[in-house]
Amino acid sequence: MRLYLAIAALVLVLAAHAEAQEEPTIEQHFANFHTKVKEFGSDVAEKTMATIKEIEQSEFAAKTKNWFTEQFEKMKKHIDETFTN
């Protein structure tokens, strides 16, 4: 019988100890929030830079750049021919 009482008392002590653990203060919440926001910003920046590099190196970007360059050269040639005559 004493063993059952000892086990019950131990369970109660453990339950009380688990509830009595301190909750983080507002300062700790803000410090944690600051860290999380900083990590989020870093992750977003890294992902954005990776996506931009991937787009820059894509075949579509190269073809588009070449097309615009050709069109600009054609327009420049046409303007030069028009105003030099």
(Q) Residues to consider are Ala8, Ala50; find the one that is modelled with pLDDT under 90 and of a type in the set (Gly, Ala, Ser). (A) Ala8
Q) So which of Glu70, Glu59, Glu81, Glu23 is surrounded by 10 or more Cβ atoms within 10 Å (Cβ to Cβ) and of a type in the set (Asp, Glu)? A) Glu70
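The values are calculated or read from the model by the stated rules, or taken from the named source; none is laboratory data. All values derive from a computational prediction rather than experimental measurement. When we count neighbours, we look across all protein chains shown, and the Cβ atoms used for this are built from the backbone with ideal geometry, even at glycine.
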